[in-house]
1. If the Cβ limit is 6 Å and pairs must be 6+ apart or interchain, which residue in the range 35-55 that is assigned to a loop (DSSP other than H, G, I, E, B) pairs with which residue that is of a type in the set (D, E, K, R) and away from the ligand (no atom under 13 Å from the Cβ)?
2. Taking the range 175-209 as the search range and keeping residues that are within 16 Å of the ligand (Cβ to nearest atom) and under 14 Å from Gln242 (Cβ atoms), which one is surrounded by the fewest Cβ atoms within 10 Å (Cβ to Cβ)?
3. Looking at Asp218, is it acidic (Asp, Glu), closer than 22 Å to Ala164 by Cα and part of a loop (DSSP other than H, G, I, E, B)?
4. From the list Gly146, Gly109, Gly134, Gly140, exactly one residue is at positive phi, without any contact (Cβ under 8 Å) to a residue 60 or more places away in the chain and not aromatic (Phe, Trp, Tyr). Which is it?
5. Could you please find all residues in the range 8-17 being in a strand (DSSP E or B) and of a type in the set (Phe, Trp, Tyr)?
6. Can you say whether Glu74 is open to solvent by 10 Å² or more (accessible area, probe 1.4 Å) and within 28 Å of Ile295 (Cβ to Cβ), as far as the supplied structure shows?
7. Being touching an Asp or Glu at 6+ places or on another chain (Cβ under 8 Å) and part of a strand (DSSP E or B), is that true of even one residue in the range 18-27?
8. If a residue has to be buried (at least 23 other Cβ atoms within 10 Å of the Cβ) and hydroxyl-bearing (Ser, Thr, Tyr) to count, how many in the range 276-301 make the cut?
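The values are calculated or read from the model by the stated rules, or taken from the named source; none is laboratory data. Since the model is a prediction, treat every value here as computed from it, not as a measurement. Note that each Cβ is placed from the backbone with ideal geometry, even for glycine, and that neighbours are counted across all protein chains shown. With ligands, DNA and RNA removed, areas are computed over all heavy atoms of the protein, side chains included. Shrake-Rupley method; radii C 1.70, N 1.55, O 1.52, S 1.80 Å.
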Amino acid sequence: MSEYFPNVPQFQYEGTSSTNPFAFRHYNPDEKIGDKTMREHLRFGAAYWHVMRNELGDPFGAGTALMPWDDGSETLQNALNRVPVFFEFLNKSQIDYYCFHDRDISPEGATLAETHKNLDRVVDELEKFQGETGKKLLWGTACLFGHPRYAHGAATSPNADVFAYGASQVKHALEATHRLGGEGYVFWGGREGYATLLNTDMKRELDHLAAMLHLAVDHAKKIGYQGQFYIEPKPREPSTHQYDSDSAACLNFLREYDLLDHFKLNIETNHATLAGHTMEHELDVAIGANALGSIDANRGDELIGWDTDQFPTNVYDTTQVMIRVLKMGGFTTGGLNFDAKRRRESHEPEDLFHAHIGGMDVFARGLKIAHKIIEDGRMDAFITERYSSYDSGIGAEIESGSTSLDSLDAHAQSIDPPQLSSGRQEMLENIINDYL
Ligand code: XYL
């Protein structure tokens, strides 16, 4: 068994009295919270690109991560060698799902045909390990931002041949996802934006981006893939401006191009904060359109203005997320994918485990607290009461669309000036804090 991580045992739940750094203190996979087990609620996923491929470099220095199983080459054999390591990681950390980009799992070849062949070979291996371990693919995606050919974008490149290359990658990544039983397929458009509008025809680029998504939807139908498509909002980095900048921009784009029936959103915490929003805001915007699909669970750093992809550690934040997930009835195809990396200084293999166990426990706490807050009912009751003037009388008429400016004018002139009630923000904050 312990071939690659001999010093790390499989995590077990030991409860809050445990000081074992490799034991869950809060996540008890088969414990029921409400009508589902924690495992069913949380649907944790690990990101292949961070666990297996992130060398922990930064713009100022080389990678520090120790990866004794990896020979550092971009070869098919090295790609195959990584697969058992990853599945040992999933087994020991009790993570049920994973996510990948095509280029995380398999290298480019000398030709595009060889690139696709590499992918298929590694997918054989992933399929074998999924079968042996019961681990599942939460979503797959194509990396349309790493290779220099995508410097001007993939679907939004001004070069139609680059669009075709991107489409070719999407076709094969989608087929790989289908073969592996992937429950979803993500588009994150890191280069689908611009560096300057001086050289950019924005409308044409948006039309092309929509064309790529429609082609993917058509191909899914053709091959019988029934998983959920997602787009993932992020405002910038690497592009100066990305078209899928936040939930509202994504939804507008999907509506405009008649894609809303086929796509939901994969929302990432650090992307929300980069967009100048809270994660709760991004989730509420998506839920309002019945379009919250999946979550990339991480966090940013209050002092740093870029995408630090840190592991979640804040119970307040995970509680806010889980309140929303529970209220929407839970995930269907989506889950909580740790799109998160260790700090550059945490370079030893065992740090991968400390990072994920922390993220899992803090979401388990968030889940339990969210469940209690919803059961308690005071928060919901307050909000219901706050809008109760719309439940009858003139408010109900406004909501049903049966008023006019004339009738509202007459109503306003017939009543005493409105009396406002308090928003009670601090009282509500106190209720939340009582549960933490
Ligand atoms: C990078 C993004 C990607 C997507 C998948 O900021 O989060 O990792 O999740 O392409």
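1. From residues that are assigned to a loop (DSSP other than H, G, I, E, B), the pairs are Met52/Arg82.
2. Looking at the filtered set, the residue picked out is Gly190.
3. Considered against the rule, which asks whether it is acidic (Asp, Glu), closer than 22 Å to Ala164 by Cα and part of a loop (DSSP other than H, G, I, E, B), Asp218 comes out as no.
4. Exactly one residue qualifies, and that residue is Gly134.
5. Once the filter is applied, which keeps residues that are in a strand (DSSP E or B) and of a type in the set (Phe, Trp, Tyr), the range 8-17 yields only Tyr13.
6. No: the conditions fail for Glu74.
7. The answer is yes, given that some residue of the range 18-27 is touching an Asp or Glu at 6+ places or on another chain (Cβ under 8 Å) and part of a strand (DSSP E or B).
8. Summing the residues that are buried (at least 23 other Cβ atoms within 10 Å of the Cβ) and hydroxyl-bearing (Ser, Thr, Tyr) in the range 276-301 gives 1.
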